[in-house]
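Shown next, in structure tokens, is the structure this report addresses.
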Amino acid sequence: MPASLCGTWDIVSNVNLEGYMVALDISAVLRKIALRLKQRKVIEQQGNTYIVKTLSSIRSYCISFKVGQEFEEHTQGLDNRHVKSLVTWEGNKLVCEQIGEKRRRGWAHWIEEDKLHLELYCEGQVCKQVFKKNGSEED
């Protein structure tokens, strides 16, 4: 069984966020702001439902889903699109495929050593983020 993704995670590295945002057609002004933000992820599991919150000082985003069950997602606060999303386990990775206006779009979360890894991808652009567990949180 994959390692638990649950917890509060603070970003420690963020590679190619701008390229990913360009692929999503996010304006230059919003990209400039987003590149300065320090993100925090909060991942919870309640029964079969996962809740993933991406928090920052300016804008936050929250989704909830059941693994293996397609759902309608409105990426409000991100690129404001409607997509059909499906999250599945692929080995130790929680992988989401988002079907909509943009091609080859989605993300993958997984634990490697004691870090949470996230790859965001869209139309050939890949953003790689790494998070460490918040120090004030007990395991």
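Among the GluC sites (Glu not before Pro) within the stretch 71-106, those in coil by DSSP and having at most 13 neighbouring Cβ atoms inside 10 Å are Glu101.
In units of the rule-of-thumb radius 2.2 N^0.38 Å, the stretch 12-107 shows an alpha carbon radius of gyration of 1.11. Note: relative contact order over the chain, using C-alpha pairs below 8 Å and six or more positions apart, is 27 percent. Counting protein heavy atoms only, the stretch 1-80 has 51 percent of its accessible area on carbon and sulfur, 1.4 angstrom probe. Each principal axis of the Cα atoms in the stretch 1-68 has its own extent, and those three values, largest first, are 40, 24, 22 angstrom. Residues in the chain average 58 Å² of solvent-accessible surface per residue, probe 1.4 Å, ligands and nucleic acids excluded. Dipole magnitude for the chain: about 480 debye, using +1 per Lys or Arg Cβ and -1 per Asp or Glu Cβ, origin at the Cα centre.
The values are calculated or read from the model by the stated rules, or taken from the named source; none is laboratory data. All values reported here derive from a predicted model rather than from experimental measurement. As a convention, Cβ positions derive from the backbone with ideal geometry for all residues, glycine included, and neighbour counts pool all protein chains shown. Side chains included, ligands, DNA and RNA excluded: accessible areas come from the protein's heavy atoms. Shrake-Rupley method; radii C 1.70, N 1.55, O 1.52, S 1.80 Å.
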